[in-house]
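First the structure, in the form of structure tokens, and then the observations on it.
The values are calculated or read from the model by the stated rules, or taken from the named source; none is laboratory data. Just so you know, these numbers come straight off a predicted model, no measurement behind them. Ideal geometry is used to build each Cβ from the backbone, glycine not excepted, and the neighbour counts take in all protein chains shown. With ligands, DNA and RNA removed, areas are computed over all heavy atoms of the protein, side chains included. Shrake-Rupley method; radii C 1.70, N 1.55, O 1.52, S 1.80 Å.
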Amino acid sequence: MNANIAAVLYLVSGILFILALRGLSHPTTSRQGNLFGMVGMGIAVLTTLALSPPSDVFGWVLVIAGIGIGGGIGAVVARRIAMTAMPQLVAAFHSLVGLAAVLVAAAALYAPAAFGIGTPGDIHGASLVEMVLGVAIGAITFTGSIIAFAKLNGNMSGKPIMLPFRHLINIGLAALLLILIVAFVLTGSIPLFWIITILSLVLGGLLIIPIGGADMPVVVSMLNSYSGWAAAGIGFTLGNTALIITGALVGSSGAILSYIMCKAMNRSFISVILGGFGGETAGGPAGVVETRPVKHGSAEDAAYIMKNAQKVIIVPGYGMAVAQAQHALREMGDLLKKEGVEVKYAIHPVAGRMPGHMNVLLAEAQVPYDEVFELEDINSEFAQADVAFVIGANDVTNPAAKTDPASPIFGMPILDVEKAKTVLFIKRGMGSGYAGVENELFFRDNTMMLFGDAKKVTEEVLKGL
Ligand code: NAP
């Protein structure tokens, strides 16, 4: 294929990727956004194949088998994965992007002529820079994402693990890495390349190990950003414009999302990068067993209270996702509206287990978008609400985030459900949330606990209505 035509096609796929990101920014346009992304990726892959087709049948077999097996595994995993397990899937996918960056950089180092970047022992200086940055960021992303996967998947404790002198070790390792990177660019030494790879693999693990589960959304998004920059690095090595554009888009959007989440959780971005945040204080025991009395009611009580309310704000959380209660919840909202009650949904930026988790579930249940509000837009309304209906949410309502400097979630903005006249909590028992801390709200006078599975209880409330 003519290089000019390829450049135009890569540009088209780049534009489609930008349209995909734009589409994904709102539930109404997200399907269309996904479609743009798929078409863009299809064009990019076909253009690359047409531009430099495999030289023999074996090459074609490898390419087709790679697409078939990889695509097949991707399709099966995407179909089977539970919505609640999506964050660990994303982390696992990021690890593959990191690994790909390492492997491509190694291939370019051993066979530079095939990449058009020089000859063994005489690789162009700029290519050495791209290669070493790609391998360092890729290796950090690889091990970091594996640790994030293990923590999110429950293979490793989600609690912050505090390694002694971790800041010093991380800074020391990063400084050593920088020196070795400069040395590699000057010498192109193969042993140095592998030392840099190993150091980066270690640094990736050390960066993520101290981080507590409650801060994991920021980590996943930060690794997303790293994987983008690693991909952009490979794009330069391969001289592939589409990969440079895609990598830069993923890198910058991940970085912006991390920044927004840091602000939402009141964490400093620098301390995130140093792997220190969330590690200063440990959370209480998960599944706290409480002996203090709580007020608990029945689904009928809840139905009665809400029917007589003027304004109900629904706060969904992780438990709603586990129970798949969103459809019953939407029916409940619809019935309340028929009774003349004003119903709104309040979404915390880190409710559930991934950014946008609750928005996706509510959209799936066809909750009208204009009834769904973000934290900053709805928080002032709890004071005027008769009922805050908290379904499977816990940490995102915990006032300790405002009042207890020793709490691991201190500083995280929360939904002010406590200000509503009555707070109804649907959960199975007195279990703590993701951060493993107790929620003082359960024991307040204006709180009524509705114990049971979120879907079952909501269906009972529906019957009561
Ligand atoms: P949460 O604090 O984890 O609390 C969820 C609650 O749901 C639990 O206390 C649990 O109590 C209850 N629950 C579980 N299964 C249930 C079921 N089938 N029916 C009814 N209740 C059920 O959830 P959240 O308020 O949504 O807060 C999210 C937390 O996850 C935050 O700490 C956040 O930082 C963290 N996180 C968020 C993301 C993200 O990107 N959104 C990613 C990783 C971590 P019982 O056991 O008593 O039922």
Sites MET83 and ASP56 - FRET efficiency at Förster radius 45 Å, r taken between beta-carbons, to 0.05: 0.55
Protection proxy ranking of 62-69, 25-32 - average other beta-carbon atoms within 10 Å, highest first: 25-32, 62-69
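Viscosity 0.890 mPa s, temperature 25 °C: Stokes-Einstein D of the stretch 12-167 from its Kirkwood Cα radius, in µm² per second?
Calculated translational D: 131 µm²/s.
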Leading residue at positive end of dipole, the chain (Cβ point charges), from ILE305, PRO112, MET38: PRO112
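Classify the stretch 299-464 as rounded, prolate or oblate from the Cα gyration tensor: take a ≥ b ≥ c as the square roots of its eigenvalues, call it rounded if a/c is under 1.5, otherwise prolate when a/b beats b/c and oblate if not.
Since a/c stays below 1.5, the shape of the stretch 299-464 is classed as rounded.
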Kirkwood estimate for the stretch 107-229, i.e. one over the average of 1/r between Cα atoms, Å: 15.5 Å
For q = 0.09, 0.11, 0.12 Å⁻¹, Debye-computed log10 I/I(0) when each Cα of the chain counts as one equal scatterer: -0.67, -0.93, -1.05
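Can you put LYS295, LYS151 in order of accessible area, largest first, using a 1.4 Å probe? Don't jump to the answer; show the numbers that get you there.
Working: LYS295 105, LYS151 10 Å².
Largest accessible area first, the residues go LYS295, LYS151.
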Length-normalised contact order of the stretch 85-280 in % [C-alpha pairs under 8 Å, at least 6 apart]: 28 percent
Normalised convex hull volume, the stretch 25-115, alpha-carbon set, Å³ per residue: 130 Å³
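Over 20 Å between Cα atoms: which of LYS419/LYS455; LYS337/LYS419; LYS307/LYS338 fall into that group?
LYS419/LYS455; LYS337/LYS419
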Rounded FRET efficiency, nearest 0.05, which uses the C-beta distance separating HIS167 from ALA3 and R0 of 45 Å: 0.40
Cα centre as origin, Lys/Arg/Asp/Glu Cβ charges: the stretch 85-280 dipole, Debye: 420 debye
Aspartates and glutamates whose Cα lies under 15 Å from that of LYS402, excluding same-chain neighbours fewer than 8 positions away: ASP416, GLU418, GLU438, GLU440
Burial ranking of peptide ranges 382-392, 215-225 (average Cβ count within 10 Å, highest at the top): 215-225, 382-392
Within straight-line cross-link reach of LYS456, lysines at Cα separation under 18 Å, skipping those fewer than 8 residues along the same chain: LYS427
Neighbourhood charge, 14 Å Cβ-Cβ cut-off, centred on GLY204 and excluding it, Lys, Arg +1 and Asp, Glu -1: +2
Rounded if a/c under 1.5, otherwise prolate or oblate - the stretch 316-380, Cα gyration tensor axes: oblate
Estimated distance in nm for a label pair at MET38 and ARG22, the labels positioned 7 Å out from Cα along Cα-to-Cβ: 2.1 nm
Calculated [θ] (222 nm, deg cm²/dmol) that DSSP helices of n ≥ 4 give over the chain, each run adding -39,500 (n - 2.57): -19500 deg cm²/dmol
